[in-house]
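The values are calculated or read from the model by the stated rules, or taken from the named source; none is laboratory data. None of these values were measured; they are calculated from a predicted model. Here the Cβ positions follow ideal geometry from the backbone for every residue, glycine too, while neighbour counts run over all protein chains shown. For accessibility, only protein heavy atoms count, side chains too; no ligands or nucleic acids. Shrake-Rupley method; radii C 1.70, N 1.55, O 1.52, S 1.80 Å.
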Amino acid sequence: MHILIISDAYPPMRTSCATQIYDLAQAFIGQDHKVSIIIPAHSQKNVVEISNADGPTVYSVRCFKTKDVGYARRTIAEFINPFVIGFHLKRNSNFIGQKIDGIAWYSPTVFWGPLVRQLKAIFNCKAYLILRDIFPDWALDLGILKKNLIYAFFKKVERYQYSQADCIGVQSPNNISYLQKNNKELAVPIEVLWNWMGITNSKKSSIVICDGPLKGRNIFIYAGNLGIAQGIDCLIDLVIQLKDNKDIGFIFVGRGSEKPRLQEAVKKFDIQNVLIYDEIPLEEILSLYEQCDFGLLTLDSRHQTHNIPGKFLSYMQAKLPVFSIINPGNDLENIIKERQLGVSLAKPSRVNLKTQVLDLVLMKNKQEFSNNSFETIMTELFNPINACQQIIKYFGKHT
């Protein structure tokens, strides 16, 4: 089959979306399918640039910038870009001359609906929505949006996106019931399409723990976005409680709107067992994890939607037991507990936070975690080949 993927990120970008799209494309190619990818770009010289690096054919289309800009500018750009991309691709003979058997598009963003509709008509094929982010609902849960005209606008865009899907793949079972309950007009199949992560090429990390002040400690690593959705108040509280512990160290790597708050707390309380770094290349992450003992994961407790963060998969790949603080009802809680992958807490008390971390260190020292558990979950659930085969199976039934 020839699968067309639409995404707003692809390597060399360093986002989890870029990595996932790369891994999914490689899985399709490894199963003898052909892959084309559409991505937006704001800085290239030509309107449409075509490349064939690493197997897939990538159509990079010049349009408006959506990264590292204000919310208003980003919203306007994301609204307009699908029309811009469609306009230019319809005039590209290399693109239009293909036979496409199915379209798979990755959300976020929620604005791809008009482009998907256009491409479905051109290629006369079905479209599969890879839904990783139920927006704007999560933004409403966290107080970022209020129920006003702006929220109503985003809901209309969201529902239009769903209307273009012939099948929707959500990332956890509870999201099926959530979507059905809150979008009663949905008449398409909804299924669980687990997140995935391929094997990454690794190179030596620029962060070397044994050369610094945390040498010899049990290291808890947090790698990824430090934003509002992560709800880092619990992490700030945790590092304050354990600031005098000589056996434990914390390392935070990444960026985000809440990172300054974390840095301010470390400075204010003179916390000596916390190190904070800017994001590093994805190829260095595994090397960094090899120097650590536990992975840290947080999600704001106000979330009503459910999320399996990419950092959780990367911890599993590195066989790191996880200490997670997540929203109640998240499917991740049962996965961690049933498969003995670490500790999972929903709305923990202040006292419980510290106690559970200390207990987790003791469990690790007693070798209560099996490497087989981490290997099995990556093979059974979070393998890009599984995602590839599931999407192909749907298109195979409808071509």
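For the reader, a short list of remarks on this structure follows.
- Take every pair of alpha-carbon atoms less than 8 Å apart whose residues are at least six positions apart; their mean separation over the length of the stretch 200-281 yields a relative contact order of 34 percent.
- Thr298 long-range amide H proximity, modeled H, under 5 Å: Ile325
- Dipole orientation for the stretch 129-175: of the candidates Asn148, Gln161, Ser172, Asn148 has the Cα lying most toward the positive pole (charges on Cβ; Lys, Arg +1; Asp, Glu -1).
- Element breakdown for the chain at a 1.4 angstrom probe: carbon and sulfur atoms account for 50% of the accessible area.
- Dividing the Cα radius of gyration of the stretch 189-234 by its Kirkwood radius returns 1.11 for Rg/Rh.
- Pairwise centroid distance, computed over Cα atoms, of the stretch 13-83 with the stretch 151-209, Å: 18
- Pairs beyond 18 Å (Cα-Cα), from Lys243/Lys319; Lys155/Lys347; Lys267/Lys311; Lys246/Lys354; Lys267/Lys354; Lys155/Lys181: Lys243/Lys319; Lys155/Lys347; Lys267/Lys311; Lys267/Lys354
- Using a cutoff of 8 angstrom between alpha carbon atoms and counting only pairs six or more residues apart, the relative contact order for the chain works out to 14 percent.
- Each residue of the stretch 214-226 is assigned a 3J(HN,Hα), and the resulting list reads 9, 4, x, 9, 7, 9, 9, 10, 10, 10, x, 6, 10 Hz, derived from the Karplus form 6.51 cos²θ - 1.76 cosθ + 1.60 (θ = phi - 60°), x at Gly and Pro.
- Charge tally in the Cβ shell below 11 Å around Asn124, where Lys, Arg are +1 and Asp, Glu are -1, Asn124 excluded: +2
- The chain: calculated mean residue ellipticity at 222 nm from DSSP helix runs of at least 4, using -39500 (n - 2.57): -12000 deg cm²/dmol
- Taken about its Cα centre, the chain carries a charge dipole of roughly 1040 debye when the Cβ of each Lys and Arg holds +1 and the Cβ of each Asp and Glu holds -1.
- Along the stretch 284-293 the Karplus relation, 6.51 cos²θ - 1.76 cosθ + 1.60 evaluated at θ = phi - 60°, assigns HN-Hα couplings of 8, 4, 4, 4, 5, 4, 4, 8, 10, 10 Hz to successive residues, with x for each Gly and Pro.
- Cβ-based net charge around Glu380, under 14 Å, with every Lys or Arg adding one and every Asp or Glu removing one: -1
- Accessible area (Å², per residue) of the chain, counting only protein heavy atoms and a probe of 1.4 Å: 46
- Computed about its Cα centre, the charge dipole of the stretch 1-154 is approximately 520 debye, with only Lys, Arg, Asp and Glu carrying charge at their Cβ.
- Mean silhouette area of the stretch 312-399, derived from the convex hull of its C-alpha atoms and averaged over all directions, reads 6.9 nm².
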